[in-house]
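Asker: Dropping the structure in here first, questions after.
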Amino acid sequence: MTATNAPHPETESLSVSVVVYRPDLVLLTRTLSSLEAACDALRVNNPAFPVVLYLVDNGELPDVSAQLAGLRDRGIPSVVINGHGNVGYGRGHNLAIERSVSGYHLILNPDIDLDAPALVNALDFFARHPEAGLLTPRIGDDEGRLQYLCRRYPTLLDLFVRGFVPGSIRRLFARRLSRYEMRDVINDCDVVWDPPIVSGCFMLFRTALLKGLAGFDPRYFLYFEDYDLSLRTHEHARVVYTPAVRVLHHGGGASRKGAKHIQMFVSSAFKFFNRFGWKWL
C-alpha cells in the first residue's frame, strides 16, 4: 500500500472510496477529474475542508500516477490499497471504510461523473437534515436522461424481466417494472425519503453510520451488495433521494457483460433472497 497524508479525524471531512478491477482508464480519469472539480467547489467556502481518496486496486490498475498527482496538488491526498487480489466489490470498499476517519464517506464507481456542485449540495442537505444517513443522487445516463436506480423490494420476476428479457418482450411488463423502479415518485425535482433500495454506484454516508453497519456484507462478491446495505441502513437512519445532487453513470447490466457476470448475479441474488425473504411474483 502506498499512501500520502490522510486527514485527521474531523466531523467536517470527506473520504471517497473507488474500487477498480481492470478499469477503463478513460472513464476512471473522467471520474477522478469530476471528483476534483466537485471538491474544488466544496472548498470555495471552506478551503481547509479535508478530503482523502482511497483507490482500491482489485487487479490490473493502469498507471494513474499523473491523475493522483493532480489530485494531490489540489489538496486531495490519495491512498492506493493494493496487493490483496480481486476480493470483490463490497470487500474492496470495506478495506477503505475501515481506514476512514471522516465525517462523510462516499462510495463511488469508477464510471461516475459528478456534477461540480454535487458534493456542495449533498453536504448542505446533510447539514439541514440530521435524520438522513445515506444519500443517493439524481443519476443520469450518457445522454443525461434519468436512470431509475432506486428500487422497491424486488421479486424474482422483476429481476429476470429487467435483466434478461429482450426489449420487445420487456415492454409487456412495463407497468410492473415501472413500479419496481419507483418511476411513480422518482423525478428531477422532488426529494424522496426512504426509497427501499438505492444504487451502489454513488452512496454518500455519514461515516459513523457506515462503520456501525460494518460496511458491505462480504458474502457478496458482486451484485446485490448495495441492496443488502440499503435495507440494513433503514434500521438505523433514513435514506434519501436528492435530485439536487447530480451525477452521470456509464455502467451496464449483468446480462450485457457475459456468462460469468450472469453467474455472479444469480449467486448474489440467491444470497440476498435467503437473507431478506423470497418474493416470486
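Asker: Using alpha carbons only, how many degrees (0 to 90, rounded to 10) separate the axis of helix 118-128 from the longest principal axis of the chain?
Answerer: 90 degrees
Asker: When the Karplus curve 6.51 cos²θ - 1.76 cosθ + 1.60 is applied with θ = phi - 60°, which whole-Hz ³J(HN,Hα) does each residue of region 240-247 get, with x for Gly and Pro?
Answerer: Couplings: 9, 8, 10, x, 5, 9, 10, 9 Hz.
Asker: Does region 165-268 classify as rounded, prolate or oblate by the C-alpha gyration tensor (a ≥ b ≥ c root eigenvalues; a/c under 1.5 gives rounded; else a/b over b/c gives prolate, otherwise oblate)?
Answerer: Oblate.
Asker: Here is a follow-up. Aspartates and glutamates near LYS279 by alpha-carbon distance under 12 Å, same-chain residues fewer than 8 away left out - which ones?
Answerer: ASP158
Asker: Then there is this: ILE197's amide H: which non-local residues (gap 5+, or another chain) put their own amide H closer than 5 Å, with H modeled 1.01 Å from N in plane and none for Pro or chain starts?
Answerer: Long-range HN contacts for ILE197: ARG151.
Asker: Picking from ALA116, VAL79, SER168, whose Cα lies most toward the positive end of the charge dipole for the chain (charges on Cβ: Lys, Arg +1; Asp, Glu -1)?
Answerer: About the Cα centre, the residue reaching furthest to the positive side is SER168.
Asker: Label points 7 Å out from Cα along the Cβ direction at VAL185 and ARG170: separation in nm?
Answerer: Each label point is offset 7 Å from its Cα along the Cβ direction, giving 2.4 nm.
Asker: Additional query: When DSSP beta bridges are limited to those with both residues in region 1-136, what percentage is antiparallel, rounded to the nearest 5?
Answerer: 10 percent
Asker: Taking only C-alpha pairs under 8 Å that are 6+ residues apart, what is the relative contact order of region 186-247 in percent?
Answerer: Relative CO of region 186-247 lands at 55 percent.
Asker: At a 10 angstrom cut-off on C-beta neighbours, averaged per residue, how do the peptides 83-94, 39-50 rank from highest to lowest?
Answerer: Taking the mean over residues of other Cβ atoms within 10 Å, the ranking is 83-94, 39-50.
Asker: Next up: Magnitude of the Cβ-charge dipole of the chain, K/R +1 and D/E -1, about the Cα centre, nearest 20 debye?
Answerer: 1080 debye
Asker: Give the percent of DSSP beta bridges with both residues in the chain that are antiparallel, rounded to the nearest 5. Let's see the in-between values first.
Answerer: On the way: 16 of 40 bridges.
Rounded to the nearest five, the antiparallel share is 40 percent.
Asker: How long is the gain from LEU231 to VAL101 if the chain were fully straight, where each residue apart is worth 0.36 nm and the alpha carbon distance is subtracted? It would help to have the intermediate numbers written out before the result.
Answerer: Working: separation 130, 0.36 × 130 = 46.80 nm, distance 2.40 nm.
Once the chain is fully extended between LEU231 and VAL101, it gains 44.4 nm.
Asker: By the scheme Lys and Arg +1, Asp and Glu -1, what is the net charge of all other residues having a beta-carbon under 10 Å from that of HIS250?
Answerer: Residues close to HIS250 contribute a combined charge of -4.
Asker: Residues with beta-carbon under 12 Å from that of ARG91, excluding ARG91: net charge, scoring Lys, Arg +1 and Asp, Glu -1?
Answerer: Summing Lys and Arg as +1 and Asp and Glu as -1 gives -2.
Asker: If packing is taken as the mean number of other Cβ atoms within 10 Å per residue, what is the order of 62-73, 150-161, 236-247, highest first? Mind dumping the intermediate values first?
Answerer: Numbers: 62-73: 14.2, 150-161: 17.3, 236-247: 19.9.
Ranking, from highest mean packing down: 236-247, 150-161, 62-73.
Asker: Next question, about the same structure. Of VAL240, TYR223, VAL198, which is farthest along the charge dipole of region 188-281 in the positive direction, counting Lys and Arg as +1 and Asp and Glu as -1 at C-beta?
Answerer: My answer, from the dipole projection, is TYR223.
Asker: Among all stretches of the chain without exposed GluC sites (Glu not before Pro) (DSSP loop, at most 16 other Cβ atoms within 10 Å), which one is longest?
Answerer: Excluding the exposed sites themselves, the longest stretch runs over 144-234.
Asker: If you fit an axis through the alpha-carbon atoms of helix 25-42 and take the longest principal axis of the Cα set of the chain, what angle between them do you get, 0 to 90°, nearest 10?
Answerer: So the helix axis and the longest Cα principal axis differ by about 60 degrees.
Bear in mind these aren't lab numbers, they're just calculated from the coordinates by the rules spelled out. Owing to the predicted nature of the structure, the values given are computational and were not obtained by experimental measurement. Please note: Cβ atoms are built from the backbone with ideal geometry, for glycine as well, and neighbour counts cover all protein chains shown.
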